[in-house]
1. So, in region 42-71, of the ones that are hydroxyl-bearing (Ser, Thr, Tyr) and more than 13 Å from Tyr88 (Cβ to Cβ), which residue ends up least open to solvent (accessible area, probe 1.4 Å)?
2. Confirm whether Tyr88 is over 14 Å from the mean Cα position of the chain (by Cα) and either buried (at least 20 other Cβ atoms within 10 Å of the Cβ) or touching a residue at least 12 places away in the same chain (Cβ under 8 Å) (or both).
3. Asp32 versus (1) modelled with pLDDT under 95; (2) out of contact with any strand residue (DSSP E or B) (no Cβ under 7 Å at 6 or more places or on another chain): which is the lone unmet condition?
4. Tally time: how many residues in region 91-146 are part of a loop (DSSP other than H, G, I, E, B), surrounded by fewer than 21 Cβ atoms within 10 Å (Cβ to Cβ) and among the aliphatic types (A, V, I, L, M)?
5. Inside region 61-90, can you point out the residues that are in contact with a strand residue (DSSP E or B) (Cβ under 9 Å, 6 or more places away or on another chain), of a type outside the set (Ser, Thr, Tyr) and not in a helix (DSSP H, G or I)?
6. Among the residues of region 113-140, how many are among the charged types (D, E, K, R), farther than 26 Å from His82 by Cα and in contact with a Phe, Trp or Tyr (Cβ under 7 Å, 6 or more places away or on another chain)?
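The values are calculated or read from the model by the stated rules, or taken from the named source; none is laboratory data. All figures in this text were calculated on a predicted structure; none of them were measured in a lab. Positions of Cβ are generated from backbone atoms using ideal geometry, with glycine treated the same way; all protein chains shown enter the neighbour counts. Accessible surface is based on the protein model in full, side chains and every heavy atom, while ligands, DNA and RNA are left aside. Shrake-Rupley method; radii C 1.70, N 1.55, O 1.52, S 1.80 Å.
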Amino acid sequence: MGGVKELTEGKKAPAFSLPDQNGEMLRLSAIDTEYTVLFFYPKDSTPGCTIEAKGLSDNNSQFKKLGATVVGLSGGDTTSKHKFCSKYNLKVRLVADEDFAVAKKYGVFGKKSFMGKTFDGIHRTTFVLDRNKKILKVFSKVKPAD
């Protein structure tokens with residue numbers, strides 16, 4: 001995957017400001033909960049990404065009880081994010097990283113292969129941050145159902 005190893009536990013998470021599914025800007029620095037869970041996923045409304053987003057959304061109340069805010073990041077625009085949230089009744093914020101600049105900062109954008117084809121895309125990765133946006137845990141190669 002290349003890059004994720006650069007953002008290891010204990011490092012400061014890169015700042016970002018991106019529009020969410022409602023067109024509202026979300027700044028990482030403005031999240032004031034004890035923890036932030038950032039899940040990078042390849043594409044809205046695809047089978048694996050739907051399973052992952054629904055699983056996190058279905059457990060959003062548990063995350064809130066633990067003092068965590070859950071945010072999903074992927075390419076696509078705010079319209080795509082809004083449709084994805086509406087179709088599956090998602091209760092988490094999804095932000096549009098249209099040019100993949102944030103995914104690149106986090107080291108989760110790069111070469112992938114699927115069915116014999118190689119292309120650039122987001123590697124499914126989750127970061128857990130503390131209140132100060134320091135990385136507590138990195139989950140690479142996340143399985144959607146887990």
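1. Our first condition is that a residue be hydroxyl-bearing (Ser, Thr, Tyr); within region 42-71, this holds for 45-46, 50, 57, 61, 69.
Those left that are additionally more than 13 Å from Tyr88 (Cβ to Cβ): 61, 69.
On the way: Ser61: 70, Thr69: 37 Å².
Once the filter is applied, the top-ranked residue is Thr69.
2. Against the criterion (over 14 Å from the mean Cα position of the chain (by Cα) and either buried (at least 20 other Cβ atoms within 10 Å of the Cβ) or touching a residue at least 12 places away in the same chain (Cβ under 8 Å) (or both)), Tyr88 qualifies.
3. With respect to (1) modelled with pLDDT under 95; (2) out of contact with any strand residue (DSSP E or B) (no Cβ under 7 Å at 6 or more places or on another chain), Asp32 is out only on (1).
4. Residues meeting the conditions: 3.
5. Correct list: Leu66, Gly67, Ala68, Val70, Val71, Gly72, Leu73, Gly75, Gly76, Asp77, Leu90.
6. 1
Listed here are the residues, each with its yes/no results for (1) of a type in the set (S, T, N, Q); (2) touching a residue at least 12 places away in the same chain (Cβ under 8 Å).
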| position | (1), (2) |
| --- | --- |
| Pro19 | no, yes |
| Met25 | no, no |
| Ser57 | yes, yes |
| Gln62 | yes, no |
| Leu66 | no, yes |
